[in-house]
1. Length gain on complete extension for the stretch Arg50 to Leu10, per 0.36 nm per residue less the alpha carbon to alpha carbon distance?
2. Show me the ranking of peptides 9-15, 29-35 by mean Cβ neighbours inside 10 Å, starting with the highest.
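Throughout, read-outs are computed from the coordinates displayed, never taken from laboratory work. Given the structure is predicted, the values throughout are model-derived calculations rather than measurements. Quick reminder, even Gly has a Cβ in these numbers, built from the backbone with ideal geometry, and neighbours come from all protein chains shown.
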Amino acid sequence: MFEDYMQGKLTPEIQAVMRAASDIASDVYSLREAAKFYQLSPESIVRFIRESAEYDIVFGGSDDTNK
């Protein structure tokens, strides 16, 4: 799903996963709460977060150690 996001495919499901991941990172919702609110599987949210973090590591995204 992260690959689809990177290719610019912003389906309703991808948008929901992005919002869920953001809400989890901002402590708005727990994983369980976000999955229920956005009607997603917790696994799809975790997979998106993991793939996003891997992308940041490989391509030097938001690495706070360089500040």
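1. 12.6 nm
2. The peptides rank, most packed first, as 29-35, 9-15.
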